[in-house]
Amino acid sequence: MKIALKVSPGAKKSEIIGWVDDYPLVGRVLKLRIAAPASDGKANKALIAFMASSLGIARSQIRLAQGSSSRIKLLELPDEAAAALADVLIARAL
């Protein structure tokens, strides 16, 4: 499963904000804030760790497919993570 994200690094805490529809050139994206700074790949590593922790899967199961130096990123997750993602979003009332 692939998911498009809009990531804002350097936040006070890492959190999922919610879906943003009709983002230019991408369509629907999941907006997140990540506490790590956007330098030396720290935000990307923190993003993967945060998503793995939130979804209850191993970091090795998540791959950054596109956007290593962009705020818009494309993550590849295992198909079974779709249910976990839905549960996380429902629990956060997004």
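Just so it is clear, none of the values below were taken in a lab; they were calculated from the coordinates. All figures in this text were calculated on a predicted structure; none of them were measured in a lab. A quick note on method: Cβ atoms are made from the backbone with ideal geometry, for glycine too, and the neighbour counts reach across all protein chains shown.
Odds and ends about this structure:
- Cα centroid separation, segment 9-27 to segment 44-94 (Å): 12
- Close amide-amide hydrogen proximity is noted between Lys31 and Lys6, Ile17, Gly18, Trp19, Val20, each under 5 Å apart and 5 or more residues distant or on a separate chain (H modeled in the peptide plane; Pro and chain starts excluded).
- Interchain or long-range residues, amide H under 5 Å from Ala65's placed H: Leu74, Leu75, Glu76
- With a cut-off of 10 Å between beta carbons, the residues surrounding Pro9 carry a summed charge of +3, where Lys and Arg count +1 and Asp and Glu -1.
- Entry note, the chain: the mean residue ellipticity at 222 nm calculated from DSSP H runs of n ≥ 4, each adding -39500 (n - 2.57), is -8500 deg cm²/dmol after division by the residues and rounding to the nearest 500.
- Computed label-point distance, nm, for sites Lys13 and Asp87 using a 7 Å Cα→Cβ extension: 2.2
- Candidate values [x] 1.45; [y] 1.10; [z] 0.99 were compared with Cα Rg over 2.2 N^0.38 Å computed on the shown model; the agreeing label is [z].
- Options Ala83, Ala11, Ser70, ranked by Cα towards positive dipole end of the chain, top entry (Cβ charges): Ala11
- Stretching the chain fully between Ala38 and Ala65 yields a gain of 8.0 nm (0.36 nm per residue, less the alpha carbon separation).
- Using the Cβ of Ser69 as centre and a radius below 15 Å, the other residues enclosed give a net charge of +4, where K and R count +1 and D and E count -1.
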